[in-house]
Amino acid sequence: MTDMTSSDASQTARLPNGAGSAAILATGIGSFTMAVLAILGDQSPAIKKLLIFYGPTGPLSGVTTTAIAIWLLSWAVLDIAWKRRDVTGVIVPVSLCLLAIGFLLMFPPIGDLF
Amino acid sequence: MEITSRALWTLIHGMGFGVLYLMACSGVLVELYRRCIPRSPSVAPNDGPFLKVYLILMSLLAWLAVLSGTYIVYPWYRAIPPAGTTDLTGFPQKLLMSHPNTIEWHSLGMEWKEHVAWLVPITITMAAAVVTRYGTELRNHPKLRSAVLGAVLFSFTSSAIAGFWGAMIDKSAPVEGGRTITVMKGTVR
């Protein structure tokens, strides 16, 4: 039983950090994109109109659908590129910074500065 | 005892999916923090599947909350009243915007809530995916583990902001209308 556990652990210990880093960076990209799209939609009537994917919900439908699509696409691309290797440790702080910037930009008094 | 169909959907969105999600957050934060502490007491190898299922269920709740909010409740909130309408009761956004004392509930509260709420499913889905993929191996990746904990903290904060504003906005200008559902009939005493 103990042997099996340590054998499993040694097999899983070979997992590189690439897949996890890809998921985390994609989250940062998706959040940042959503904030930027929300600001663009607020600032430009033409972009606002373009972002109306579903009339009753208005531009929010386009902002969220586009950001979700970019999040999933970037996740898929990064995962394919990184899943079998270790990537530099700077990816995680960069991702959390993108997430934090996206979060802050969504606060209207900050988003309205642009 | 009656409730309108729109109020019922608002209840399902906020009190059902939203509040349940917020309550679940405290559990996952404690569990992830416990796994982050070096030499933490007894994180048993068979704890893994529970955390994975827990995070997957939280992701499901988060997606149900934002999708029901954005595509079912929000269109009722932002409905445009026909020209000449003086009673704005059925048009919450316009009702809030019609008075300087209530306009900020929309221009600050709803404008913030409608976007920040979408960070919740994105971050918790990432956390669920990383925990599912790495399992107990996450112990050997301190940066990934910290990132997952950080993302869950963002998720919790975002859901708390969305929940707070949602409750306050619905208190000031409730989403009402649609079919009336009789829950219970009482007698007048």
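The values are calculated or read from the model by the stated rules, or taken from the named source; none is laboratory data. Computed from a predicted model, the values in this text were never measured in an experiment. Side chains included, ligands, DNA and RNA excluded: accessible areas come from the protein's heavy atoms. Shrake-Rupley method; radii C 1.70, N 1.55, O 1.52, S 1.80 Å.
Each of B:T86, A:T66 has its accessible area taken with a 1.4 Å probe; listed largest first, they run B:T86, A:T66. Cα-based values for the protein assembly as shown, radius of gyration first and Dmax second, are 21.8, 78 Å. Mean sequence separation of contacting Cα pairs (under 8 Å, at least six apart), scaled by the length of chain A, corresponds to a relative contact order of 41 percent. Rounded, prolate or oblate: which one fits region B:143-189, using the alpha carbon gyration tensor with axes a ≥ b ≥ c (rounded when a/c is under 1.5, else prolate when a/b beats b/c, else oblate)? Prolate, since a/c reaches 1.5 and a/b exceeds b/c.
With a 1.4 Å probe and all protein chains left in place, how much accessible area per residue does the protein assembly as shown have, in Å²?
Working: 15670 Å² over 303 residues.
For the protein assembly as shown, the solvent-accessible area averages 52 Å² per residue.
Directionally averaged projected area (region A:35-114, Cα convex hull): 6.3 nm². Rounded to the nearest Hz, the phi-derived 3J(HN,Hα) couplings of region A:75-87 under the Karplus curve 6.51 cos²θ - 1.76 cosθ + 1.60 (θ = phi - 60°) are 4, 4, 5, 5, 5, 4, 6, 10, 4, 9, 9, 8, 10, where x marks glycine and proline. Counting lysine pairs in the protein assembly as shown whose alpha carbons fall under 23 angstrom apart, excluding pairs fewer than 8 residues apart on the same chain, gives 10. At the residue level, B:R6 shows approximately 70 square angstrom of accessible surface with a 1.4 angstrom probe and all protein chains present. For B:R133, the solvent-accessible surface computed with a 1.4 Å probe is close to 110 Å², ligands and nucleic acids excluded. When Rg and the Kirkwood Rh are both derived from Cα coordinates, the Rg/Rh ratio for region B:111-182 amounts to 1.22. Over region B:1-149, the pair-distance histogram of Cα-Cα distances with 10 Å bins from zero comes to 10, 31, 25, 17, 11, 5, 1 percent, rounded to whole numbers.
Karplus couplings for region B:157-173 from phi (6.51 cos²θ - 1.76 cosθ + 1.60, θ = phi - 60°), rounded to Hz, Gly and Pro as x? The phi angles translate into 4, 5, 5, 5, 4, 4, x, 4, 5, x, 5, 5, 5, 5, 6, 7, 9 Hz. Annotation: B:M1 carries an accessible surface of approximately 130 Å², with a 1.4 Å probe and no ligand, DNA or RNA atoms counted. Pairing chains B and A buries close to 3300 square angstrom of accessible surface in total, based on protein heavy atoms and a 1.4 angstrom probe. Phi angles of region B:120-130 translate, via the Karplus equation with coefficients 6.51, -1.76, 1.60 and θ = phi - 60°, into HN-Hα couplings of 5, x, 5, 6, 6, 5, 4, 4, 5, 5, 5 Hz per residue; Gly and Pro are given as x. Computed over protein heavy atoms with a 1.4 angstrom probe, the accessible surface ordering of B:S26, A:S61, largest first, is B:S26, A:S61.
For A:F53, the residues whose amide H sits under 5 Å from its own are A:S61, A:G62, ignoring neighbours fewer than 5 places away on the same chain, with H placed 1.01 Å from N.
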